[in-house]
Amino acid sequence: MNGHTDHLSGGEQRVLAIVPALADAGPGTSAASSAGSTATNLTLILAALAHVGGSHEQVDASYTDDGLVFLPLAPIVAWPDGVTPEGWAA
């Protein structure tokens, strides 16, 4: 990817930089496969990435009769029911 991402935004480049770390050297060596590729484990991995990225803190600003209102948005990938890492904001 080096040298081929100059036209991308900084955010897009950061996203692409994660890919080699997740994919590592190939099948059977990625973070996802080392955790066990069950649906539950993959959901936890995706929820953790979304949480670290701040998706649980996103808000929608809109004007109403009461003025400017900020409404929390749902995270991109929510924690499965009953799972919230201790000390983390859900």
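The values are calculated or read from the model by the stated rules, or taken from the named source; none is laboratory data. Everything numeric here is computed off the predicted structure, so don't read it as measured data. Every residue, glycine as well, gets a Cβ built from its backbone with ideal geometry; the counts of neighbours run over all protein chains shown.
Does Val15 qualify as being modelled with pLDDT under 80 and of a type in the set (Val, Ile, Thr)? Taking the combined requirement at face value, the residue satisfies it. Could you tell me whether Ser55 is of a type in the set (Ser, Thr, Tyr), at pLDDT 70 or above and surrounded by 10 or more Cβ atoms within 10 Å (Cβ to Cβ)? Criteria met by Ser55. Screening segment 74-90 for residues that are modelled with pLDDT of 80 or more and in contact with a Ser or Thr (Cβ under 8 Å, 6 or more places away or on another chain) and picking the one that is nearest to Thr38 (Cα to Cα) gives Pro80. For the structure I just gave you, tell me whether Ser34 is touching a Gly at 6+ places or on another chain (Cβ under 9 Å) and either modelled with pLDDT under 75 or not hydrophobic (A, V, I, L, M, F, W, C) (or both). So Ser34 fits the description; yes.
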